[in-house]
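First up is the structure itself, then whatever we jot down about it.
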Amino acid sequence: MLLLGIAAGVVWQQLASPAQWQVRETGIVLTEAASTGSFSVIVTFVAVGAVASLLLGCFLAVTLRELGWVTTPVLIAATLVAGVVAWRVGVQLGPPDPATVRGLSVGDRVPSELAVDTVWPFLIWPIFGLVGLIVTTMLAAARDEQHPRE
């Protein structure tokens, strides 16, 4: 779960395209056109989390199959923790707060720091983890019906 979170955080930080602040004589400003980068960062976080959680759900469905229903709360907890770890890793590795960057001159562009400022992106992680768990469990059950163990 921690490794998944760390790996997802690194991938998020690498793929995210944060908004670009522009340095003007009056300070740094975020133009309306550049503000789409803020939404893009969240979409990237959701996409990375969906893929990572889907894979984790499939993995846990196979490895913890004997636990039955107990796998579900384990998966939900694991994906939520992995999401928080990914968020913190991405923020730590990503660009700093533009207000803290020194030595800028007029016309320079400064990327904003990576941010997830609402809870819904974190909820995507367990949802896709459950999709992976359910689909893998259903496929395994269908396979077992066709080829019963004796």
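Putting +1 on Lys and Arg Cβ atoms and -1 on Asp and Glu Cβ atoms, find which of Ile42, Thr136, Val81 reaches farthest to the positive end of the dipole of the chain.
Farthest along the dipole direction, towards plus: Val81.
What does the highest-first list of 93-102, 35-44 look like by mean Cβ count within 10 Å? Provide the component values of the computation, followed by the final result.
On the way: 93-102: 13.2, 35-44: 16.0.
Per-residue mean Cβ counts within 10 Å order the peptides as 35-44, 93-102.
Excluding ligands, DNA and RNA, what is the solvent-accessible area per residue of the chain at a probe of 1.4 Å, expressed in Å²?
Details: 8950 Å² over 150 residues.
Per residue, the chain has an accessible area of 60 Å².
Stick to Cα atoms and the Kirkwood definition of Rh, then tell me Rg/Rh for the stretch 61-146.
Values: Rg = 20.2 Å, Rh = 16.0 Å.
That ratio is 1.26, to two decimals.
Relative contact order of the stretch 25-121: what whole-number percent is it, with Cα pairs under 8 angstrom and at least 6 residues apart? If you can, show how the numbers build up before the last one.
Numbers: 44 pairs, mean separation 35.5, N = 97.
Relative CO of the stretch 25-121 lands at 37 percent.
5 Å is the cut-off here: which amide hydrogens, built 1.01 Å from N in the peptide plane, fall below it relative to Asp108, excluding neighbours closer than 5 in sequence?
It is Val23, by chain and number.
Just to be sure I understand the curve: with the Debye formula and one point per C-alpha of the chain, what is log10 I(q)/I(0) at q = 0.12 Å⁻¹?
For the requested q values the scattering log ratios are -0.58.
Carbon-plus-sulfur fraction of the accessible area of the stretch 41-109, 1.4 Å probe, in percent? Provide the component values of the computation, followed by the final result.
Values: 2600 of 3670 Å².
Ligands and nucleic acids excluded, carbon and sulfur reach 71 percent.
Grab the DSSP H runs of the chain that are 4 residues or longer, score each as -39,500 (n - 2.57), total them, divide by all residues and round the 222 nm result to the nearest 500 deg cm²/dmol.
On the way: 4 runs with 92 residues, N = 150.
Theoretical 222 nm ellipticity from helices: -21500 deg cm²/dmol.
Using θ = phi - 60° and the Karplus form 6.51 cos²θ - 1.76 cosθ + 1.60, what ³J(HN,Hα) does each residue of the stretch 129-141 get, whole Hz, x for Gly and Pro?
The phi angles translate into x, 5, 4, x, 5, 5, 4, 5, 5, 5, 5, 5, 5 Hz.
Can you work out the Karplus-derived ³J(HN,Hα) for every residue in the stretch 72-89? Use 6.51 cos²θ - 1.76 cosθ + 1.60 with θ = phi - 60°, whole Hz, and x for glycine or proline.
So the Karplus estimates, Gly and Pro as x, are 5, x, 4, 5, 4, 5, 4, 6, 5, 5, 4, x, 5, 4, 4, 4, 5, 5 Hz.
The values are calculated or read from the model by the stated rules, or taken from the named source; none is laboratory data. Please read all numbers here as calculations on a predicted model, not as lab measurements. Note that each Cβ is placed from the backbone with ideal geometry, even for glycine, and that neighbours are counted across all protein chains shown. Just so you know, the surface numbers come from the protein's heavy atoms only, side chains and all, with ligands and any DNA or RNA stripped out. Shrake-Rupley method; radii C 1.70, N 1.55, O 1.52, S 1.80 Å.
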